[in-house]
Amino acid sequence: MLFGMASLAQTISIIPQPVSLVQQKGTFIIDKNTCIQYNRLNKAASEAGAFLNRYLNDISGSRLRENVHSQKVIQFSIAPTSDIGKEGYLLKVSPEKITITANDKAGLMNGIQTLLQQLPGIRTNAALAVPCMEVKDYPRFKWRGMHLDVSRHFFSPELIKEYIDLMARYKMNVFHWHLVDDQGWRIEIKKYPELNNTGSWRVDRLDRVWGERPQAMEGEPATYGGYYTQAQVKEIVAYAAERNITIVPEIEMPGHVASAIASYPWLSCNRRPQQPLTGVDYKDITSNYCAGNDSVFAFLQDVLCEVIQLFPSTYIHVGGDEVEKDPWKKCTRCQARMKKEGLKDEAELQSYFMKRIEKFLAGKKRKMIGWDEILEGGLAPGAAVMSWRGEQGGIEAAKMQHDVVMTPGSPCYFDHYQAGPEGEPLAIGGMNTLKQVYDYDPLPKELNEQQATYIMGAQANLWTEYISANEQVEYMVLPRMLALSEVLWSKKDGKDWLGFNERLKPSYRYFDQKGYHYCKGDFKAQIIPVAKNGKLTAEIATEQPDATIRYTTDGSEPDAGSKKYESALSIDSSMTIKAITVIQGKVMSFKPAVQKFVLHKAVGHDVVYTNAVSKYYMADGNNSLIDGVRGTSDHHKYWHGFCGKDLIATLDLGSMKTVHKLSLGCLQAYKDWIFFPKRVRFEVSADGVNFRDAGMVENSIPITESAKLIRDFEVKFEKRKIRYVRVTATVQDSCPIGHPGAGQPAWLFADELIVE
Ligand code: TNX
């Protein structure tokens with residue numbers, strides 16, 4: 001606990017929040033009389049001392065003396081200390097003495113990082129003052145990971161070191177280096193030089209967004225890319241180790257390896273030459289190793305031998321995700337392998353592939369880790385699983401007593417937006433805000449205490465399809481990594497969102513000093529409809545602890561002077577709420593949140609569907625169709641989705657009502673495979689048995705229209721008394737020709753059945 005004392009000059013801010021922190025009166029001033037002391041015979045303590053001295057030299061321009069007598073000392077010692085385990089430390093700061101004690105070097109380094117968070121980040125002439133305190137600290141999880149994809153875009157060794165520095169500052173300890181993927185092979189392999197001569201380079205199309213980059217044409221110069229030489233890798237591995245960071249290399253297989261196949265076409269099933277992949281135009285590209293060819297395994301073992309030489313990590317990541325099974329189905333060698341090994345399908349062939357590699361790694365005293373697809377077709381005996389498609393794979397693996405790292409898309413994918421998305425740099429999609437990361441708990445409720453011991457921790461992944469610049473790497477990681485670091489290090493019951501936001505402030509100053517790009521936060525207002533007990537209300541929320549919310553209900557644009565939000569608004573008539581966040585008089589929202597509500601005769605009554613709503617697009621449940629909440633075009637909330645099936649809904653108004661107008665709100669979002677229905681037909685009834693036609697509306701918008709549109713399909717008639725309404729919206733036959741999903745089922749989305 002932090003004891004905030006009014007008399008103390010400054011409150012200590014540490015991220016991740018230590019297990020225990022007691023701030024005391026006074027400061028330790030680091031000056032030329034200060035000496036660093038450690039036992040020279042102890043390697044860990046010597047290294048830690050040297051590390052601190054280099055840092056102090058960087059920020060003050062001079063080194064401290066080491067191991068001489070002085071009145072003022074910074075002392076490191078490795079001593080058996082109970083309660084703090086591996087990586088833990090005790091830090092004591094008094095006006096004359098700083099001591100850091102730990103069981104291991106990692107603990108000393110973590111103690112140093114806590115100390116460094118009290119000091120400036122750049123060269124300064126100011127006094128180096130450390131507030132007095134006592135800290136006892138150790139991590140909750142042993143795997144505190146950050147991943148970086150250097151295949152989709154290559155990043156320099158300098159950027160990698162910066163990434164490692166940032167990780168170390170916040171006590172993250174595993175760097176998952178995604179070195180191989182379709183669009184580039186990024187590690188030097190001496191035995192197979194074409195991997196680097198060919199596989200590391202591609203045609204540059206940086207002027208286009210990732211998904212729209214056409215594949216290279218014959219003869220175009222492949223000048224974009226790069227790779228890390230083995231000398232560079234060694235240096236980076238040592239740099240990381242010095243900072244208590246293990247680098248887990250990922251040598252992806254058996255899919256996502258178009259770059260290797262461009263280098264050596266014989267690695268694939270069809271053995272056709274191909275150019276390195278520029279973007280995602282996979283038309284003539286093969287991205288799987290052939291699983292029926294023993295030479296492929298010999299190749300991979302050679303590659304892994306070189307990798308193992310370079311990386312001391314126990315775990316070697318071998319990918320395993322998103323393997324396209326088609327090439328294997330068509331390949332005689334793969335089919336022969338399946339027959340010989342008695343494998344019933346291609347999932348088992350993949351499992352055979354991974355097991356064979358796992359056995360090889362085990363023979364080298366290394367452990368295999370892979371994406372959760374390695375569960376399909378049977379998990380290799382000693383393999384650990386990285387759960388990315390939600391937590392299910394991780395839960396399953398833990399129950400089977402395999403080690404697990406949690407990295408579910410939400411909230412661990414840092415390639416997703418963290419704010420906006422308006423006003424944010426273009427990202428791959430999705431939304432993982434700082435608070436969502438902060439609120440994450442890697443231990444799923446589905447696991448009992450014993451099973452939970454297999455959850456080693458969690459990790460954030462930074463896929464870089466949409467990230468080509470160093471600044472954007474920083475931006476996507478900062479400050480979300482700080483929230484994750486607290487999730488993984490600090491005690492669960494000490495979670496404190498407001499306190500975390502306060503403690504972020506010195507980190508923001510540090511980022512400013514260092515010139516790091518970072519996201520200042522998500523300043524959206526969120527309008528949350530609540531339909532309960534026949535009443536409709538709207539709550540408005542923001543992630544920002546310091547913000548007030550201002551709103552309008554008359555359609556006008558809100559500003560800093562608009563009405564202040566105090567508590568939930570009741571929706572008694574049709575209205576549109578527009579809301580913004582304001583901090584110190586300044587409007588922070590990039591654009592107002594807008595939510596339309598319509599009150600009509602069906603609100604609060606019951607709907608029965610003939611075809612079930614897709615479980616992925618349920619909106620707020622069955623009655624979303626008559627909750628008065630209209631869907632918007634910028635997200636899928638409040639829309640009901642049907643895949644390749646008609647929407648047929650029957651509404652019971654509860655009693656006879658006078659009605660003259662019926663309409664159904666629908667969405668067209670071509671890129672998301674969502675199309676207006678072909679037509680919408682309304683029928684009405686007094687008894688729920690005999691229905692009469694009430695009109696039909698044909699769709700007039702072409703299925704190929706790519707703009708996002710919302711349209712109410714509406715019929716009007718002479719006032720009549722009815723009790724039941726049946727609406728049938730006919731889904732399009734399939735996605736149209738020329739669409740990425742051509743021939744596949746079309747989606748139909750509806751938000752509201754409006755009865756007036
Ligand atoms: C899925 S996560 C992938 C990556 C992509 C990522 C984009 C995983 C194991 N595979 O290849 O870059 O989505 O978010």
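The numbers here are math on the coordinates, done by the rules we state, and not lab data. Everything numeric here is computed off the predicted structure, so don't read it as measured data. So basically every Cβ, Gly included, is an ideal-geometry build from the backbone, and we count neighbours across all protein chains shown.
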Nitroxide proxy distance, nm - points 7 Å out along Cα→Cβ at F297 and I122: 5.6
Sort K578, K355, K721 so that the residue with the fewest other Cβ atoms within 10 Å of its own Cβ comes first and the one with the most comes last. K721, K355, K578
From the phi of every residue in segment 558-568, what ³J(HN,Hα) in whole Hz does the Karplus formula 6.51 cos²θ - 1.76 cosθ + 1.60 yield, where θ is phi - 60° and glycine or proline is x? x, 9, 4, x, 5, 4, 7, 7, 10, 8, 3
Assertion target for R40, R152, ordered by fewest C-beta neighbours within 10 angstrom first, is R40, R152
With axes computed from alpha carbons, what is the tilt in degrees of helix 497-514 against the longest principal axis of the chain, rounded to the nearest 10 within 0 to 90? 60
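Say the cut-off is 21 Å between C-alpha atoms; which of K615/K645; K142/K505; K86/K171; K25/K136 go over it? Mind dumping the intermediate values first?
On the way: K615/K645 13 Å; K142/K505 27 Å; K86/K171 13 Å; K25/K136 18 Å.
In this structure, K142/K505 exceed 21 Å between Cα atoms.
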The answer for A384, listing residues at least 5 apart or on another chain whose modeled amide H is closer than 5 Å to its amide H, is M368, I369, G370
In the structure shown, do any of K32/K161; K105/K514; K97/K514; K524/K563; K283/K329; K344/K364 have a Cα-Cα gap over 21 Å, and if so which? K32/K161; K105/K514; K97/K514; K344/K364
Between A336 and I737, what is the label-point separation in nm under the 7 Å Cα-to-beta-carbon projection? 4.1
Once the Cα atoms of helix 43-60 and of the chain are each reduced to a long axis, what angle between those two axes, in degrees from 0 to 90 to the nearest 10, is obtained? 80
Checked segment 546-622 against the a/c 1.5 cut and the a/b vs b/c comparison, axes a ≥ b ≥ c from its Cα gyration tensor; verdict prolate
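Give the shape of the chain as rounded, prolate or oblate, defined through the alpha-carbon gyration tensor: a ≥ b ≥ c are the square roots of its eigenvalues, a/c under 1.5 means rounded, and otherwise the shape is prolate if a/b is larger than b/c and oblate if not. Intermediate results must be reported in sequence, preceding the final value.
Values: a/c = 2.26, a/b = 1.34, b/c = 1.69.
Since a/c reaches 1.5 but b/c is at least a/b, the shape of the chain is classed as oblate.
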In degrees, nearest 10, the alpha-carbon axis of helix 294-310 is tilted away from the dominant principal axis of the alpha carbons of the chain by 50
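In this model, which of K340/K399; K596/K708; K586/K637 are farther than 22 Å apart at the alpha-carbon?
Working: K340/K399 31 Å; K596/K708 17 Å; K586/K637 29 Å.
The pairs that break the limit, which is 22 Å between Cα atoms, are K340/K399; K586/K637.
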Over the chain, what is the percentage of antiparallel beta bridges among all DSSP beta bridges, to the nearest 5? 65
How about K339: which aspartates and glutamates have a C-alpha closer than 14 Å to its C-alpha, ignoring those fewer than 8 places off in the same chain? E348
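Find how much the distance from R692 to I528 grows on full extension, using 0.36 nm per residue of separation minus their present alpha carbon separation; answer in nm with one decimal. Let's see the in-between values first.
On the way: separation 164, 0.36 × 164 = 59.04 nm, distance 3.72 nm.
So the chain would gain 55.3 nm between R692 and I528.
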